[in-house]
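Asker: The structure under discussion is supplied below as structure tokens; questions concerning it will follow.
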Amino acid sequence: MANFYDDNEDLKFYVEKYIDWEPLVRLTEFDYRLAGGFENAEDALDFYKSVLDLVETSRPTRSLPTPPGSTGNTPSWRTGW
């Protein structure tokens, strides 16, 4: 399966170059005061990227069933679907 993060150059640009992570990490990691927490933004960002690496791109293996009386998967005021 493909990896969503590695295959998405726009997302990689924002994560790796555009976003100023220091103030965001400092805020979300409670100013690095939690026991066992991250000690700096670089460690936190490495962890965040590893989580993004786990997200795979996948497609459903099957589609939802079509309700009786429906001609497709488009909602209709007549069929209620």
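The values are calculated or read from the model by the stated rules, or taken from the named source; none is laboratory data. All figures in this text were calculated on a predicted structure; none of them were measured in a lab. Note that we place each Cβ from the backbone using ideal geometry, even for glycine, and neighbour counts take in every protein chain shown.
Asker: Filtering region 37-62 down to residues that are among the polar types (S, T, N, Q) and assigned to a loop (DSSP other than H, G, I, E, B), which residue is surrounded by the most Cβ atoms within 10 Å (Cβ to Cβ)?
Answerer: Asn40
Asker: Among Thr79, Thr74, which is of a type in the set (Val, Ile, Thr), surrounded by 11 or more Cβ atoms within 10 Å (Cβ to Cβ), part of a loop (DSSP other than H, G, I, E, B) and at pLDDT below 95?
Answerer: Of Thr79, Thr74, the one residue that is of a type in the set (Val, Ile, Thr), surrounded by 11 or more Cβ atoms within 10 Å (Cβ to Cβ), part of a loop (DSSP other than H, G, I, E, B) and at pLDDT below 95 is Thr79.
Asker: Oh, and also: For region 22-36, which residues satisfy the criterion of being of a type outside the set (Lys, Arg) and in a loop (DSSP other than H, G, I, E, B)?
Answerer: Glu29, Leu34, Ala35, Gly36
Asker: Within region 7-27, take every residue that is of a type outside the set (Phe, Trp, Tyr) and farther than 27 Å from Gly37 by Cβ and give me the one that is surrounded by the most Cβ atoms within 10 Å (Cβ to Cβ).
Answerer: This residue is Asn8.
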